[in-house]
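Let me begin by presenting the structure, written as structure tokens, before commenting on it.
The values are calculated or read from the model by the stated rules, or taken from the named source; none is laboratory data. A quick note: this is a predicted structure, and the numbers were derived from the prediction, not measured. Note that each Cβ is placed from the backbone with ideal geometry, even for glycine, and that neighbours are counted across all protein chains shown. For accessibility, only protein heavy atoms count, side chains too; no ligands or nucleic acids. Shrake-Rupley method; radii C 1.70, N 1.55, O 1.52, S 1.80 Å.
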Amino acid sequence: MTWIAPQIERQERPAAADERAMLEGWLTYHRETLLAKCAGLTADQLVRPTAPPSSLTLLGLVRHLALADRWWFRVQFAGEDVALPYLTEDDNDADFNALDPARAEADFADFRAEIAACDAAAAGRDLDETFTGPRGDTLNLRWVYVHMIEEYARHNGHADLLREALDGATGA
């Protein structure tokens, strides 16, 4: 049987809420939007580039954003000593490039597991808690949330175009 990306029910976008609920809510909304862009597609469709000359794919975006979440929430902010998935010495963009439709279901499961781990790394931590970023600058957890919302929003725009080129679906 051919694996198909599952349907997703997104949480409502946050309205009048405190800062923490707003940041967490919008990040969750954008994470779920990415999955909604993939819903109903086969693994073969998820690895098909549809905007030449770009090789960007929906599965590449899922893998890239799982990696970005891990990097910012777990490695940078929480200081966890965890490997960065997908990347190799030969290909620093393997999250986008080394795609295998046979692994699509596992990549989606890895994405969900990474989100849970990232949420756990930030849970109960103060938004003003700081860390030294990769460029030596002082950043805080609030910055990570804002950056990841921006990262997802930008890539969800890419996902819109990729999905529409695949099967004409728009929205979500």
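Some observations on this one:
- Considering (1) over 18 Å from Ala66 (Cα atoms); (2) open to solvent by less than 60 Å² (accessible area, probe 1.4 Å), the lone condition that Leu161 does not fulfil carries the number (2).
- The residues listed here are Arg125, Arg70; of these, the one that is open to solvent by 60 Å² or more (accessible area, probe 1.4 Å) and at pLDDT 95 or above is Arg125.
- Taken over the range 73-83, the criterion of being surrounded by 15 or more Cβ atoms within 10 Å (Cβ to Cβ) and assigned to a loop (DSSP other than H, G, I, E, B) is satisfied by Ala78 alone.
Let's see how each residue does on (1) surrounded by fewer than 19 Cβ atoms within 10 Å (Cβ to Cβ); (2) within 19 Å of Ala169 (Cα to Cα); (3) aromatic (Phe, Trp, Tyr):
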{"position": "Ile4", "(1), (2), (3)": "yes, yes, no"}
{"position": "Ala16", "(1), (2), (3)": "yes, no, no"}
{"position": "Gly25", "(1), (2), (3)": "yes, no, no"}
{"position": "Asp44", "(1), (2), (3)": "yes, yes, no"}
{"position": "Thr57", "(1), (2), (3)": "no, yes, no"}
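- Of the residues making up the range 92-108, those that are surrounded by fewer than 21 Cβ atoms within 10 Å (Cβ to Cβ) and assigned to a helix (DSSP H, G or I) number 8.
- Cβ separations smaller than 9 Å between residues 6+ apart or across chains give the following pairs from the range 7-28 residues that are part of a helix (DSSP H, G or I) to residues that are modelled with pLDDT of 95 or more and of a type in the set (Val, Ile, Thr): Leu23/Val146; Leu23/Ile149; Trp26/Ile149; Leu27/Ile149; Thr28/Ile115.
- Applying a threshold of 6 Å to beta carbon distances and a minimum spacing of six or more residues, or different chains, the list of pairs starting in the range 109-120 at a residue that is surrounded by 13 or more Cβ atoms within 10 Å (Cβ to Cβ) and ending at one that is of a type in the set (Val, Ile, Thr) and modelled with pLDDT of 95 or more reads Phe111/Val62.
- The condition of being closer than 24 Å to Asp100 by Cβ, open to solvent by less than 40 Å² (accessible area, probe 1.4 Å) and not in a loop (DSSP other than H, G, I, E, B) holds for Leu61.
- Residue count, the range 52-95 (criterion: touching a residue at least 60 places away in the same chain (Cβ under 8 Å) and among the charged types (D, E, K, R)): 1
- Residue within the range 129-145 that is farther than 30 Å from Met1 by Cα, open to solvent by 20 Å² or more (accessible area, probe 1.4 Å), among the acidic types (Asp, Glu) and not in a helix (DSSP H, G or I) present: yes
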